[in-house]
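Read the structure below first, then the notes.
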Amino acid sequence: MSSTIGNRIRLTLSGESHGLYMTATLDGLDSGIEVDRDYIDKILAERRPNTKGSSARREKDDYEIISGVFNGVTTGAALTILMKNADVDSSSYEATKDLARPSQADYPAFIKYKGFNDYRGSGIFSARLTAPVCAAAAIILKELEKEGITFETHLKRLGKFFDEASDEGFLSKKYHMYKYSDDEIEKYLDEIKNENDSLGAEVELIIKGVKAGLGEPPFAPLDGELARYMYLIPSVKSVSFGRGYGFAQSLGSEVADEMRVDAGKVKFLDNNNGGIIGGISNGADIVLSCVFKPIASIAREFKTINMKTMENAEIKVNGRHDASVVPRVYTIMKCYAALAIYDMLVSA
């Protein structure tokens, strides 16, 4: 099992969805970095479920910083955040613990860990574990903001809804869609949840303020590192940059990012490549998209197997689950991308 990621800034994660505690440790931080508890609380509040389609699990995300901080700043020692799981109900998992939930990690985890893994609330595979990561990453997010690096999200697809933003008016909305209102989206999510179903989504992340020259090809390209961190987020099934899959149906003449010098600065007339070429930032906005599969835990009956008896079975999953990853995942994407960007900046 691999629980640590990073080069200079190393993140180590421990805990499970229904365990007593989870921890996130950041090692490699310089001393003297501000640790703003109010800002951490704000990031955690944004990550918590607060919409009609959200899980009924309501965690307060109570946490303590148990090392690496003194008088409100980092000491240079490893910084560890301890977060409690309080609103835990494992009863719905006991009756189906030997049954593999379709499109969940139950079966491969059963094989890999020989049946000893914690199955409650999906254990280490649950999005619950993004909470301590976001708490730790909030410290880095604020440092990047001081350097003029910011993160914005745009909901490009949600089930049947498809959105192309022509300006940044979407940022004032809860769901970050330009064409559709929050009320329309909430109604849609409510309908899906009432049908005991869930929705996939495609979310764009726009990173502004990264100067040209960041990235370490050939084996640590910036887009590769960002993608690596995005795939740490549960339910992510693909990551692309700029036009992404649209390149496959494009002509080279259509997607050339032409350039001009304006007042002594290089400017791009278009940004088809999403701000990264050859694994190195070019100074334009970094634009990446993550496609999320629909939440797999839905109250419908599916064909499956009993992993212990190796017999066919049926399963109906009950419990507290989201209808979609949005809007909670917006903050998660920002935090995980911030970890990748900051690690590359201080490692360069």
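The values are calculated or read from the model by the stated rules, or taken from the named source; none is laboratory data. Just so we're clear, the structure is a prediction, and the values are computed from it rather than from any experiment. Counting neighbours? That spans all protein chains shown, and the Cβs are built from the backbone with ideal geometry, glycine included. Heavy atoms of the whole protein, side chains included, go into the accessibility calculation; ligands, DNA and RNA do not. Shrake-Rupley method; radii C 1.70, N 1.55, O 1.52, S 1.80 Å.
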Query raised in the report: In degrees between 0 and 90, to the nearest 10, how far off the longest principal axis of the chain does helix 37-47 point, with axes built from Cα atoms?
Result: 60 degrees
Report task. State the percentage of accessible surface on the stretch 253-328 attributable to carbon and sulfur atoms; use a 1.4 Å probe and exclude ligands, DNA and RNA. Result -> 49 percent
Report summary line: Carbon plus sulfur, as percent of the 1.4 Å-probe accessible area of the stretch 42-200, comes to 50 percent
Report task. Let me have the 222 nm mean residue ellipticity of the chain computed from DSSP H runs of 4+ only, each contributing -39500 (n - 2.57), with the sum over all residues rounded to the nearest 500. Result -> -7000 deg cm²/dmol
Query raised in the report: Tell me, what is the per residue accessible area of the chain in Å², probe radius 1.4 Å?
Result: 49 Å²
Report task. Could you work out the longest stretch of the chain that avoids the chymotrypsin sites (Phe, Trp or Tyr not before Pro) located in DSSP loops with at most 15 other Cβ atoms within 10 Å? Result -> 232-348
**Report entry** For the chain, built as a Gaussian network whose Cα springs stay under 10 Å, the top-fluctuating residue of Ala24, Ala137, Ala263
**Finding:** Ala263
Requested in this report: Select from Arg47, Arg37, Arg157 the residue whose mean-square fluctuation is largest in a Gaussian network model of the chain (Cα-Cα springs shorter than 10 Å).
Outcome: Arg37
Report summary line: For the pair Lys112 and Ala248, the simple spin-label estimate (label points 7 Å beyond Cα toward Cβ) gives in nm 2.6 nm
Query raised in the report: Under a point-charge model restricted to the Cβ atoms of Lys and Arg (+1) and Asp and Glu (-1), what is the dipole moment magnitude of the stretch 246-348 relative to its Cα centre, in debye to the nearest 20?
Result: 480 debye
Report task. Using 0.36 nm per residue of separation minus the Cα-Cα distance, give me the extension gain between Ala220 and Lys303 in nm, one decimal. Result -> 25.7 nm
Query raised in the report: Which angle from 0 to 90°, rounded to the nearest 10, does the C-alpha axis of helix 182-194 make with the longest principal axis of the chain?
Result: 30 degrees
Report summary line: The rounded separation in angstrom of the Cα centers of the stretch 107-150 and the stretch 60-95 is 12 Å
Query raised in the report: Helix 130-146 versus the longest principal axis of the chain: what is the Cα-based angle in degrees, 0 to 90, to the nearest 10?
Result: 10 degrees
Requested in this report: Just list whichever of Lys142/Lys334; Lys156/Lys293; Lys173/Lys237; Lys60/Lys293; Lys208/Lys267; Lys187/Lys237 have alpha carbons separated by over 22 Å in the model shown.
Outcome: Lys173/Lys237; Lys60/Lys293; Lys187/Lys237
Report summary line: If each K or R counts +1 and each D or E counts -1, the residues other than Gly72 whose Cβ falls under 9 Å of its Cβ total -1
Query - Residue with peak Gaussian network fluctuation, the chain [Cα springs, cutoff 10 Å], from Glu16, Glu184, Glu225 - result: Glu184
Report summary line: One finds the C-alpha centres of the stretch 215-250 and the stretch 256-275 to be spaced, in Å, by 21 Å
